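Presented below is the structure to which this report refers.
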Amino acid sequence: MTLSKEKMREIEEEENYRKEVKNKISNSKSKKKDKLVAALLAIILGDLGIHKFYIGETVKGVIYLFFCWTAIPAIIGIIEGIDYLIISEEEFQSRCKYK
C-alpha cells in the first residue's frame, strides 16, 4: 500500500503547518506573566490570594481565600510581593504555572 505523491505532499504540508502553529504558541508573549503586576497584587491583595490566581497557582489561591479572615495570608502576601520584586525574570517565569 503506497501513498500517492500528492497525498504525501499534503501530509507533509499539514505537518509543517502544525509545527509552525506550535512554535507560534510556544513563543507567544501573552503567556508570560508580568512580575511587577504579580508583586503589586501580592502586596495589595495578598490576603485574598489574587496573586496566586494570577500566576496560575489556583489551589494556593483558594487556600489564601479560605484563610483571608486571619492576618496570615496578608503577611505572606507582602513577603511574596517583595520576593517577586527581588528575583530575576527567569526565576519568576519558572514559578508561574501558565507557560
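The values are calculated or read from the model by the stated rules, or taken from the named source; none is laboratory data. Predicted, not measured: the structure shown is a model, and the values here were computed from it. Positions of Cβ are generated from backbone atoms using ideal geometry, with glycine treated the same way; all protein chains shown enter the neighbour counts. All accessible areas refer to the heavy atoms of the entire protein, side chains included, with ligands and DNA or RNA removed. Shrake-Rupley method; radii C 1.70, N 1.55, O 1.52, S 1.80 Å.
Where does helix 5-26 land angle-wise versus the long Cα axis of the chain, in degrees 0 to 90, nearest 10?
10
Among Ile78, Gly49, Ser4, whose Cα lies farthest out toward the positive end of the dipole of the chain, if unit charges sit on the beta carbon of Lys, Arg (+1) and Asp, Glu (-1)?
Of the candidates, Ser4 comes out farthest on the positive side.
To the nearest 20 debye, what is the magnitude of the charge dipole of the chain about its Cα centre, counting +1 on the Cβ of each Lys and Arg and -1 on the Cβ of each Asp and Glu?
That gives a dipole near 160 debye.
So what is the accessible area of the chain per residue, in Å², with the probe set to 1.4 Å? Working shown, then result.
Working: 7500 Å² over 99 residues.
With the other protein chains kept in place, the chain gives 76 Å² per residue.
Quick one, which of (i) -0.55, -0.59, -1.03; (ii) -1.06, -1.09, -1.31; (iii) -0.48, -0.55, -1.18 is the actual log10 I(q)/I(0) by the Debye sum over Cα atoms at q = 0.13, 0.14, 0.22 Å⁻¹ calculated for this model?
The calculated read-out lines up with (i).
For the chain, give the percent of accessible area contributed by carbon and sulfur heavy atoms, probe 1.4 Å, rounded to a whole number.
Details: 4780 of 7500 Å².
The C+S portion of the solvent-accessible surface of the chain is 64 percent.
Considering Cα pairs under 8 angstrom that are at least six residues apart, work out the relative contact order of the chain and quote it in whole percent. Walk me through the intermediate numbers first.
On the way: 100 pairs, mean separation 29.5, N = 99.
Relative contact order here is 30 percent.
May I ask you to compute the full-extension gain from Ala71 to Glu89, defined as 0.36 nm times their residue separation minus their alpha-carbon distance, rounded to one decimal in nm?
On the way: separation 18, 0.36 × 18 = 6.48 nm, distance 2.87 nm.
Stretched out fully, the Ala71 to Glu89 stretch lengthens by 3.6 nm.
Please sort 67-80, 9-22, 36-49 by packing, taking for each peptide the average over its residues of neighbouring beta carbons within 10 angstrom, highest first. Walk me through the numbers before you get to the answer.
Numbers: 67-80: 15.4, 9-22: 10.3, 36-49: 19.7.
My ranking of the peptides, most packed first, is 36-49, 67-80, 9-22.
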